1. Consider Asp259 against the criteria (1) surrounded by fewer than 22 Cβ atoms within 10 Å (Cβ to Cβ); (2) assigned to a strand (DSSP E or B): it satisfies all of them except one. Which criterion is unmet?
2. Could you identify the single residue in Ser250, Ser316, Ser271, Ser265 that is within 30 Å of His148 (Cα to Cα), open to solvent by 10 Å² or more (accessible area, probe 1.4 Å) and among the hydroxyl-bearing types (Ser, Thr, Tyr)?
3. Between Leu104, Leu121, which is touching a strand residue (DSSP E or B) at 6+ places or on another chain (Cβ under 8 Å) and either open to solvent by 30 Å² or more (accessible area, probe 1.4 Å) or farther than 30 Å from Pro249 by Cα (or both)?
4. Collect the residues in the range 159-184 that are in a strand (DSSP E or B), surrounded by fewer than 24 Cβ atoms within 10 Å (Cβ to Cβ) and in contact with a Pro (Cβ under 9 Å, 6 or more places away or on another chain), keeping them in residue-number order.
5. For the range 191-240, which fully contained strands (runs of 3 or more DSSP E) count at least 3 residues that are at pLDDT 95 or above and more than 18 Å from Thr152 (Cβ to Cβ)?
6. Just give me the residues in the range 264-290 being closer than 17 Å to Ala327 by Cβ and part of a strand (DSSP E or B), in sequence order.
7. Within the bounds of the range 80-87, is there any residue that is open to solvent by 20 Å² or more (accessible area, probe 1.4 Å), without any contact (Cβ under 8 Å) to a residue 40 or more places away in the chain and not small (Gly, Ala, Ser)?
8. Which members of the range 102-112 meet the condition of being in a loop (DSSP other than H, G, I, E, B) and under 18 Å from the mean Cα position of the chain (by Cα)?
Amino acid sequence: MRLCIGTAKGIVILDPSRGGAPLMVLADPSAIWCMAQDAADPTLIYAGSTDQIRGKGALARSTDGGRAWTDITPPLAREEEVWSIAASPAVKDRVFIGTSHARLFRSDDRGRIFKESDGFLKIPGRDRWTFPPPPHIPHVRSIAFDPHEPSTMYVGVEEGGVFRSRNDGASFEPLNDGLYWDVHTVAVDSRDSRRLYATTGNGFYLSGNAGKSWQHVTRGLNRTYTVPLLVSLPDSEDVFTAAAMGPPPSWRVGPTGADAMLFRSNDRGESFTAISTEQSFGRGMVMRLKADPENGGFFAVCNDGAIVRATADGSSLATIAEKLPPAYDLATIP
């Protein structure tokens, strides 16, 4: 197995069993924020960028596990940042991207042609969506599918909330009762479609009624800025997240940086426990958690360039690479 890691300075490919030496480093695409793999073909990877670089697109595709990339930025989104990507788990060749200005696009041919979701543009109240730093442009931060009903998808907007479509993105309904609007990641429980999870700038939120209302989960969480989210397979009760003491501006100036901690819930999001009170990710923040198909655990990528491998319950953590460029996402290649 290899890891294809998206960093602020391009793609890094690692063999997790051989330590931290990269097998390959690519500067094009030049800056990666988000990634997604095709459900049927894990060597088909999409990568999106939030950095506007002259002459560079914001969306790229690899068909060989990350070794070579092609710019597939949609003409309608040439001036947009790509904040989220999700490949359909059920429809061959279908992929969605979420961009700045809170726009959503769909392709049914592996990214050759994208069409914008008019239904997402028609959501009432979207003119009130915002983002704290100037120029206050909201963006689609998360796209997730219901594993039990793949035509149902959830979209998280920073800052705008969570929205559900039951018809492959043709129309949407808001699910924001009790939810903090600064949404980073949204996910559906692997056993129960009515159980939803969301990480936000104000902590972790849980819905047990298909998003009709949300509860703010604070038990066991001593940090408030939650970003990544990993829901275990149906045979486990575990949910994982990571949280920082404050928002990104504080990560650069605080004496301990992000002061991030990794947390585990063994009751499907009702409460959490710090995986290790001694665990520290340096000054960095854990930006993404992805399942490890080899050992049943997971990988964590951090914006200080560290890559961490964890066992299934998170009780054992090993740093397999460090001092990479800031890392934001990854794909596992068999």
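1. Unmet for Asp259, out of (1) surrounded by fewer than 22 Cβ atoms within 10 Å (Cβ to Cβ); (2) assigned to a strand (DSSP E or B): (2).
2. When all the criteria are applied, what remains is Ser271.
3. Leu121 is the lone residue from the list that is touching a strand residue (DSSP E or B) at 6+ places or on another chain (Cβ under 8 Å) and either open to solvent by 30 Å² or more (accessible area, probe 1.4 Å) or farther than 30 Å from Pro249 by Cα (or both).
4. Taking the range 159-184 first, the residues in a strand (DSSP E or B) are 161-165, 173-174, 183-184.
Subset that is surrounded by fewer than 24 Cβ atoms within 10 Å (Cβ to Cβ): 164-165, 173-174, 184.
Across the range 159-184, the qualifying residues are Arg164, Pro174, His184.
5. Values: elements: 196-200, 203-207, 215-217, 225-231.
Because the criterion is at least 3 residues that are at pLDDT 95 or above and more than 18 Å from Thr152 (Cβ to Cβ), the strands (runs of 3 or more DSSP E) in the range 191-240 that meet it are 203-207, 215-217, 225-231.
6. Taking the range 264-290 first, the residues closer than 17 Å to Ala327 by Cβ are 280-290.
Of everything in the range 264-290, those that are closer than 17 Å to Ala327 by Cβ and part of a strand (DSSP E or B) turn out to be Val286, Met287, Arg288, Leu289, Lys290.
7. no
8. Step one: filter the range 102-112 for residues in a loop (DSSP other than H, G, I, E, B), giving 102, 108-112.
Scanning the range 102-112 gives a single hit, Ala102.
The values are calculated or read from the model by the stated rules, or taken from the named source; none is laboratory data. Values in this document were obtained by computation on a predicted structure and should not be read as measured data. Glycine also receives a Cβ, built like all others from the backbone with ideal geometry; neighbour counts cover every protein chain displayed. These area figures cover heavy atoms from the full protein model, side chains too; ligands, DNA and RNA do not enter into them. Shrake-Rupley method; radii C 1.70, N 1.55, O 1.52, S 1.80 Å.
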